[in-house]
């Protein structure tokens with residue numbers, strides 16, 4: 001489990017075919033990986049991946065074909081948000097995130113909020129239609145592994161507010177209209193939707 005509070009922004013050094021998926025090597029940058037070992041879980045752009053190697057300062061991960069299919073992928077050179085798995089006793093600053101990406105959305109608007117004293121930006125994302133019913137105003141959503149509060153929803157489009165710290169501490173400050181982002185809906189919403197299927 002994760003919280004959506006990004007600890008560092010790393011970079012994918014290499015991404016090479018491996019079976020029906022890919023193997024990636026990620027530079028962890030400022031992420032403290034002193035006690036990270038093979039078998040540990042790390043959220044990479046919101047996707048829970050298992051460390052399979054440590055070499056040359058980089059962390060190796062095997063990414064399955066299914067994971068590649070439902071995420072934005074892990075192209076060599078791309079910058080990625082990183083978070084170590086939640087430990088008992090850690091602060092839960094965001095919301096509980098499984099690291100199981102539900103799909104990708106597309107940025108529809110990314111613009112500074114006018115007359116905002118602290119420099120916040122508005123981000124609108126078009127979510128897949130299948131995920132839209134699971135996104136609610138004032139609810140939580142993870143965008144590229146970042147825990148955010150939904151400000152508004154209209155159809156399959158939702159809006160969030162990004163404060164300067166979030167823009168500086170994550171990759172979200174690099175977004176642009178048309179860019180795809182990993183989405184994970186709130187776990188509670190997912191189970192409520194599943195339960196409703198059996199009430200019909």
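The values are calculated or read from the model by the stated rules, or taken from the named source; none is laboratory data. Keep in mind it's a predicted model, so treat the numbers as computed, not measured. Virtual Cβ from ideal backbone geometry, glycine too; neighbours counted across all protein chains shown.
A few comments on the model shown:
- One residue from 123, 162, 92 being under 17 Å from the mean Cα position of the chain (by Cα), at pLDDT 95 or above and within 24 Å of residue 29 (Cα to Cα): 162
- Scanning the stretch 1-25 for residues that are within 16 Å of residue 63 (Cβ to Cβ), surrounded by 15 or more Cβ atoms within 10 Å (Cβ to Cβ) and touching a helix residue (DSSP H, G or I) at 6+ places or on another chain (Cβ under 9 Å) yields a count of 2.
- Considered as a group, the residues in the stretch 92-116 that are touching a residue at least 12 places away in the same chain (Cβ under 8 Å), out of contact with any helix residue (DSSP H, G or I) (no Cβ under 8 Å at 6 or more places or on another chain) and within 25 Å of residue 177 (Cβ to Cβ) include one that is surrounded by the most Cβ atoms within 10 Å (Cβ to Cβ), and that residue is 105.
- Residue that is crowded, with 16+ Cβ neighbours inside 10 Å, on the phi > 0 side of the Ramachandran plot and not assigned by TED's automatic domain parsing to the domain that holds residue 193, where the choices are 89, 57, 77, 73: 73
- Here the condition is being part of a strand (DSSP E or B) and more than 30 Å from residue 163 (Cα to Cα); of 14, 104, it holds for 14 alone.
- Restricting the stretch 26-47 to residues that are part of a strand (DSSP E or B) and surrounded by fewer than 21 Cβ atoms within 10 Å (Cβ to Cβ), the residue that is farthest from the chain's Cα centre (by Cα): 27
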